[in-house]
1. Name the lysines eligible as straight-distance cross-link partners of K111: C-alpha to C-alpha under 27 Å, and not fewer than 8 places from it in the same chain.
2. Could you give me the radius of gyration and the Dmax of segment 286-375, taking only the C-alpha atoms into account and expressing both in angstrom?
3. By how many degrees, 0 to 90 and rounded to 10, does the Cα axis of helix 190-200 deviate from the longest principal axis of the chain?
4. Between A54 and T299, how high is the FRET efficiency from 1/(1 + (r/R0)^6) when r is the Cβ-Cβ distance and R₀ = 35 Å? Nearest 0.05.
5. What are the aspartates and glutamates whose alpha-carbon lies under 18 Å from the alpha-carbon of K244, with same-chain residues fewer than 8 places away excluded?
6. In square angstrom, rounded to the nearest 10, how much accessible surface does I304 have for a 1.4 Å probe?
7. Rank these by accessible area, largest first, 1.4 Å probe: T346, T298.
8. Roughly what angle does helix 300-313 make with the longest principal axis of the chain, taking Cα atoms, 0 to 90 degrees, to the nearest 10?
Amino acid sequence: MTGWSSTLEPCSKSAKIPIPDIIKAMGSLHAFQTDDLRLKPIYEKVLVGERMDAADALTLYCTGDILAVGWMANSVRERMHGDKTYFNVNRHINPTNVCVAACRLCAFGRKKDVAGAYTMALEEAFETAASGYSEAVTEFHIVGGLHPDLPFQYFLDLCSGLKQRFPQVHLKAFTMVEVAYLARRAKLSIRETLEQLKASGVDSLPGGGAEIFADRVRHIICDHKIDGDQWLETAKLAHQIGLKSNATMLYGHVENDEDRVDHLMKLRALQDETGGFQTFIPLAFHPDNTALQHLPKTTGMLDIKQIAVSRLVLDNFPHVKSYWQMMTAKIAQISLRFGADDMDGTVIEEKIYHDAGATTPQGMRREELERLIRAAGRVPIERDTLYRPVTRTETSVTVAV
Ligand code: V47
């Protein structure tokens with residue numbers, strides 16, 4: 001206990017100690033402990049940096065000892081990033097919610113002539129982009145429905161128009177599902193489609209549309225989307241032409257632990273091959289207003305565990321993001337001690353989760369993100385989409401290259 005008395009003030013003065021110092025002092029006191037003997041060999045692997053296999057991953061999902069899993073994930077996270085915790089100042093743009101797919105998981109997509117369906121004219125999309133610009137955003141995150149009539153040229157013009165107007169903003173645009181659909185409509189190969197999107201200004205791809213790769217699950221939740229292998233193949237092609245991407249996993253619906261493990265293993269195998277993934281983002285299923293609204297919402301325990309298991313299994317992914325919009329700010333903050341090193345960004349206007357019943361705010365100011373990160377005992381680092389630190393002054397935004 002000598003370490004304790006030398007680093008902490010007596011209780012009566014504890015209110016004056018900054019929260020991060022208290023958390024750090026506690027960290028050094030806690031050795032790994034668990035009553036679940038199945039976790040011991042996994043702990044041995046974590047200590048020496050050995051890769052988890054599928055059986056380990058299943059054990060991590062099955063155990064009730066969330067603190068032991070969190071301890072291991074946190075130690076890996078700290079080995080990789082120390083206290084650094086990333087966020088960015090971004091704006092979501094959803095150019096259309098018209099979608100041919102009718103996925104059961106989704107509350108955002110609409111058929112084109114029904115109430116609530118919208119498609120932005122290009123000028124409208126540029127105005128939407130500009131309305132977040134007062135925050136000096138460094139990223140536009142652009143995703144939308146699979147529109148049956150919009151020509152490929154619309155998307156090329158959207159990206160080149162945004163680049164022309166906002167040259168310093170990174171365009172993280174179009175999921176693998178959208179890319180594959182655009183390719184089909186334009187009668188181009190996936191590679192050609194990606195090359196044209198890149199030439200028009202796309203800088204990287206978001207991680208959406210991955211859902212769960214297992215066919216059995218995909219048939220239930222998103223029957224009309226490309227299958228898991230096609231998603232992975234599209235990501236591989238993107239990486240091959242020099243576009244980084246993220247990857248997601250939608251959990252908390254009809255999948256089981258084996259499906260989740262299969263999903264993580266497939267992503268890890270592709271990452272071994274290409275190294276093109278930056279960030280893994282587990283997405284909690286929001287059932288409201290979807291065809292699966294009879295399903296219960298995910299629990300805090302599952303959300304936290306999903307973050308921790310992802311960090312432990314995806315040893316070749318640089319970052320695990322706890323997307324505050326989807327997790328809630330409170331769970332996202334706690335997950336910074338369970339494996340996550342990124343909270344996503346200011347967002348400004350979120351539609352996909354809010355159509356599905358999310359109760360989080362539409363956006364968050366950068367000061368609030370920083371406050372949450374500091375209160376978790378971590379050091380906030382504003383990043384650009386490629387994880388380069390961003391420096392702000394009253395009048396300028398600089399990215400360290
Ligand atoms: O692909 C759709 C999911 C994704 C629901 O790359 C739903 O940085 C829960 O991918 N309940 C789009 N999830 C969002 C996405 C994303 C978000 C934040 C950051 C990044 C990134 C990517 O949202 C879809 C789908 O998996 N989704 N409907 C729903 N009802």
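1. K172, K187, K225, K297, K351
2. Cα radius of gyration and Dmax of segment 286-375 are 13.6, 39 Å respectively.
3. 90 degrees
4. Efficiency, rounded to the nearest 0.05: 0.90.
5. E139, E178, E192, E195, D203, E233, D272, E273, D315, D342, D344, D384
6. Counting only protein heavy atoms, the figure is 10 Å².
7. From most exposed to least exposed: T298, T346.
8. Value to nearest ten degrees: 90.
The values are calculated or read from the model by the stated rules, or taken from the named source; none is laboratory data. The structure displayed is predicted, hence computed values, not measured ones. Reconstructed Cβ throughout: ideal geometry from the backbone, glycine too, with neighbour counts over all protein chains shown. All accessible areas refer to the heavy atoms of the entire protein, side chains included, with ligands and DNA or RNA removed. Shrake-Rupley method; radii C 1.70, N 1.55, O 1.52, S 1.80 Å.
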